[in-house]
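The block underneath contains the structure these notes are about, expressed in structure tokens.
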Amino acid sequence: MAVLVGFSGSLRKGSFNASLLRAAVAAMPGGSRLQVMSIAAFPLYNGDDEAAHGIPAEVTALKEAIAAADGLLIATPEYNNSIPGVTKNALDWLTRPPADIPRVFAGKPVALIGASPGGFGTILSQNAWLPVLRTLGAELWTGGRLMVSHAGSVFDADGAIADARTGDQLSKFVEGFVAFAHGGSTGKA
């Protein structure tokens, strides 16, 4: 069974990215599962706080889940044409201490998805993640891209995908990523 861990890079209650991640849970192919975790309790990274108090329990829990999983799925919003600060902050915490980076990220299959109310989806945010993930030694899945634009018309009031085309794209995306993360082919989506 392929086990993926995912988190949304948005803390907003009605987040399109959190909705997209919940939809990915439902779209997972048989014999696989996606465990959604939260970064909401992560404090702002501060080296002095780390030295005084260590790594927060919430950070350790997500870091250990990623290390044990077959792959990581990040639902990234796009703020000001780049990575949201809260999402980058999460990665900064997840790479502490630096000695843990190889155990958690080296060779780890990672995929990016994102939803935005704008017309370009999250293309600039997803592109901005490339050097970060490369630095961590993660294995970015490039067999497909999922960038949901005009998200306000894609999700209903309850956060469910109301657009059949997007739902189908998501199903193909997670199927391809699961195959890749589980050691299969690149699973072009």
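Only the coordinates and a few stated rules stand behind these numbers; no lab work does. Owing to the predicted nature of the structure, the values given are computational and were not obtained by experimental measurement. Neighbour counts run over all protein chains shown; Cβ positions are idealised from the backbone, glycine included.
Below, the figures for the structure above:
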| quantity | calculated |
| --- | --- |
| Residue in segment 131-144 that is surrounded by 13 or more Cβ atoms within 10 Å (Cβ to Cβ) and more than 21 Å from Gly71 (Cα to Cα) present | no |
| Only listed residue being under 18 Å from Ala26 (Cα atoms), part of a loop (DSSP other than H, G, I, E, B) and in contact with a helix residue (DSSP H, G or I) (Cβ under 7 Å, 6 or more places away or on another chain), chosen from Gly144, Gly114, Gly159 | Gly159 |
| Test: residue in segment 10-21 that is surrounded by fewer than 18 Cβ atoms within 10 Å (Cβ to Cβ) and under 16 Å from the mean Cα position of the chain (by Cα) | yes |
| Residue match in segment 149-160 (condition: under 22 Å from His182 (Cα atoms) and exposed (fewer than 13 other Cβ atoms within 10 Å of the Cβ)) | no |
